[in-house]
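The block underneath contains the structure these notes are about, expressed in structure tokens.
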Amino acid sequence: MSNFPNATTAMSFRASKLAAQCEGARTPGLVRVDSAIPLTRRELDVALLASRGTASKEIAERLVLSHRTVNNHLQRAYSKLGVTSRTELAGAMGPPDGGSPAERAAL
């Protein structure tokens, strides 16, 4: 297990290098790779829904969370992505149809 952090760093570096070769590509997966501190899975779920215009109350119902928990996840995602609003979040997360099939299926 001592190599796990090094492997994670190496894979993040490789992903960043590959993403750089795809000039202009902007998907939720690439946003996550570009983040200095990656979003947790739940932060990503909440951020994707919010970036598509879903209200916090609806996100809470859909993900079986409290409204306050949704807002906490959003604030942490904003901080990690360097944004301050849902409009900026939508830009950072990329187009609504972006993301991997697994990310789309999770929604």
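A few remarks follow.
- Conditions (1) modelled with pLDDT under 95; (2) assigned to a loop (DSSP other than H, G, I, E, B); (3) hydrophobic (A, V, I, L, M, F, W, C): number failed by Leu65: (1)
- Residues of the stretch 73-87 that turn out to be open to solvent by 70 Å² or more (accessible area, probe 1.4 Å) and under 17 Å from Pro38 (Cβ atoms), as a count: 3
- Any hit, the stretch 82-103, residues being in contact with a Lys or Arg (Cβ under 9 Å, 6 or more places away or on another chain) and at pLDDT 95 or above: no
- Candidate set: the stretch 4-44, residues that are open to solvent by less than 30 Å² (accessible area, probe 1.4 Å) and under 13 Å from Ala90 (Cα atoms); chosen: the one modelled with the highest pLDDT: Leu44
- Check on Glu58, in a helix (DSSP H, G or I) and modelled with pLDDT of 95 or more: yes
- Within the stretch 45-72, the set of residues being among the acidic types (Asp, Glu) and either free of Cβ contacts under 8 Å to residues at least 60 places away in the same chain or open to solvent by less than 10 Å² (accessible area, probe 1.4 Å) (or both) comprises Glu58, Glu61.
The values are calculated or read from the model by the stated rules, or taken from the named source; none is laboratory data. All values reported here derive from a predicted model rather than from experimental measurement. Every residue, glycine among them, receives a Cβ derived from its backbone with ideal geometry; neighbour counts consider all protein chains shown. Ligands, DNA and RNA are stripped out before the accessible areas are found, and what is left, the full protein with its side chains, is counted by its heavy atoms. Shrake-Rupley method; radii C 1.70, N 1.55, O 1.52, S 1.80 Å.
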